[in-house]
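To start, the structure itself, in structure tokens.
Just so it is clear, none of the values below were taken in a lab; they were calculated from the coordinates. Given the structure is predicted, the values throughout are model-derived calculations rather than measurements. Glycine gets a Cβ as well: all are built from the backbone with ideal geometry, and neighbour counts include every protein chain shown.
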Amino acid sequence: MPNVMIRIKDNGALLFYIAKKDQEDEIATVEVDTDNEWGGVVELTDGSKYYIEPMSPRPSFPTTLRFKRAE
Amino acid sequence: MTTMTREETQALIQEVLEVYPEKAKKDRVLHLTVNDQGVEQSKKCITSNRKSLPGVMTIRGCAYAGSKGVVWGPIKDMIHISHGPVGCGQYSRAGRRNYYVGTTGINTFGTMNFTSDFQEKDIVFGGDKKLSKILTEIDQLFPLNKGITIQSECPIGLIGDDIEAVSKQGAKELEKPIVPVRCEGFRGVSQSLGHHIANDAVRDWVLGNRDNDTSFEVTPYDVTIIGDYNIGGDAWASRTLLEEMGLRVIAQWSGDGTLAEMENTPKAKLNLLHCYRSMNYVSRHMEEKYGIPWMEYNFFGPTKIAESLRKIAGFFDESIQIKAEKVIEKYKAEFDAVIAKYRPRLEGKRVMLYVGGLRPRHIIGAYEDLGMEVVGTGYEFAHNDDYDRTIKEMGNATLIYDDVTGYEFEEFVKTVKPDLIGSGIKEKYIFQKMGIPFRQMHSWDYSGPYHGYDGFAIFARDMDMTINNPCWNKMQAPWLKSETEDASAEAA
Ligand code: SF4
């Protein structure tokens, strides 16, 4: 269950940063992504998937969230 | 030799790997690649931030070097104790050339070496008592210090000393910040983890110190320089440009920096990050906690400087943007003259780099401004995000090597035959003896600054005086020279 810092990149995409592993990747898709809800399965551009309970309201970035690894 | 094709470069990598045993070869092949600008993510073609192979010569440092040498060391008004045996601090003392103003030994301590000089009995019985005695002694001898950091060397972690407890106790007695840093050299695979640990220590022990103190007057134009270590005066050359465009630099991290500047950093409007590798951690933290945006910039060479100045100005109102253009305009005559003078002498020369944090990609622009080409680059301790940023800067089919071994580097150089190599002191004399012009790109070879427009002039001069130095024609003893060479030398 890594702690992940999510920030908005210059190009508008969300950046997924796992401080523990110093791993930086763009988020490709988010399962639930509406004006007042955000979460579910998050897929990164490298193909790996993570999961977080959908939360509402939508969090404001940058923020640190706890994700689970999803297979 | 002309530029190599993709296949030739690939073949070179294969050839160099041949001598390794099977297992080593399997590991090293992941760290060497031929650049392909089409690749979006570097991890598809290069592996980085892994343990070096036992038995090869690596050029990396340790976590203590990353914390004491890089991040904390330049904070000039604090005293940094190299906690453990005397060697780690003494052999790295004052070698980095991060300049500062102040009277050393009175109110600044940058080039001094403070150590707890562990002996056998400290290892056997623990060094906590010794440490707390040192803290009091330091404060008596150097009362103008603003705080003390304890930079752990390997033994501290091994014997399990509780430096945090000593620090808390000491801070109470001395009424000064005392920062324990757990940067024992064995942590991590290179100095990189030391940067991270040091950043975390800044976050935990320094950044929040003035959160409730509003006495510092802020302006809408406050920025900070983060990750500039003022090597040969780099940060000063950068700072003048920012100030000329109407911004106020309220902190320098950490070259010529002070504890107070660090504590005031959360009051800035924008954090300007030069060395991404060593200070992105704390920048990210400030973005999240204080909402301060950060951006990476590059002050090497006029093209990149102009790009960066415009990007920085984009964060502020129009008056700053106009002033940024004025700054670029103002220095145009100056840098045009530099290019006019040196470009003809350097045009087409090929460079191989192998350095640390940001330079393997940041300096490329400066070389290109002089008409030179970087044909190989690599990092000692980069992570994938650094290579992501490098792929776009480098030409196609150029060599990229991660944590290159002494052997690989030499073999690459023998085939690629660059006109200049930029790396560190350990590589310098090997390549010079091979007859290849060399510049130390960690310490600027006792020159500098190289940042900013002022720095670019010095950079160009240094590259010229190295490459076009007459000594390189004298590598062969006169009696070994064939007659034709003699004749052509005389004709020239
Ligand atoms: S690895 Fe350990 S002993 Fe060696 S310089 Fe680093 S801290 Fe000192």
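Just a few scattered comments:
- For segment A:2-32, the set of residues classified as free of Cβ contacts under 8 Å to residues at least 12 places away in the same chain and more than 11 Å from every other protein chain (Cβ to nearest Cβ) consists of A:11, A:12, listed by residue number.
- Among the candidates B:138, B:156, B:148, residue that is touching a residue at least 40 places away in the same chain (Cβ under 8 Å) and within 13 Å of the ligand (Cβ to nearest atom): B:156
- Helices (runs of 4 or more DSSP H) wholly inside segment B:265-362 containing at least 2 residues that are surrounded by fewer than 24 Cβ atoms within 10 Å (Cβ to Cβ) and not acidic (Asp, Glu): B:276-290, B:302-313, B:318-346
- Top-ranked residue in segment B:22-45 [being within 14 Å of another protein chain (Cβ to nearest Cβ) and part of a loop (DSSP other than H, G, I, E, B); ranked as farthest from the ligand (Cβ to nearest atom)]: B:40
- All told, residue B:409 meets the bar of being among the aromatic types (Phe, Trp, Tyr) and over 18 Å from the mean Cα position of the chain (by Cα).
- Search result, residues across segment A:54-71 that are within 14 Å of residue A:4 (Cβ to Cβ) and either within 14 Å of another protein chain (Cβ to nearest Cβ) or charged (D, E, K, R) (or both): A:59, A:61, A:62, A:63, A:64, A:65, A:66, A:68, A:69
- In the set (1) buried (at least 24 other Cβ atoms within 10 Å of the Cβ); (2) within 14 Å of another protein chain (Cβ to nearest Cβ), residue B:80 fails one condition alone, (2).
- Matching residues in segment B:83-111 - criterion: being within 14 Å of the ligand (Cβ to nearest atom) and either in a loop (DSSP other than H, G, I, E, B) or surrounded by fewer than 20 Cβ atoms within 10 Å (Cβ to Cβ) (or both): B:84, B:85, B:86, B:87, B:90, B:91, B:92, B:93, B:95
- Residue match in segment B:175-187 (condition: more than 20 Å from residue B:254 (Cβ to Cβ) and away from the ligand (no atom under 16 Å from the Cβ)): yes
- For segment B:224-237, the tally of residues that are under 17 Å from residue B:268 (Cα atoms) and either small (Gly, Ala, Ser) or surrounded by fewer than 24 Cβ atoms within 10 Å (Cβ to Cβ) (or both) stands at 1.
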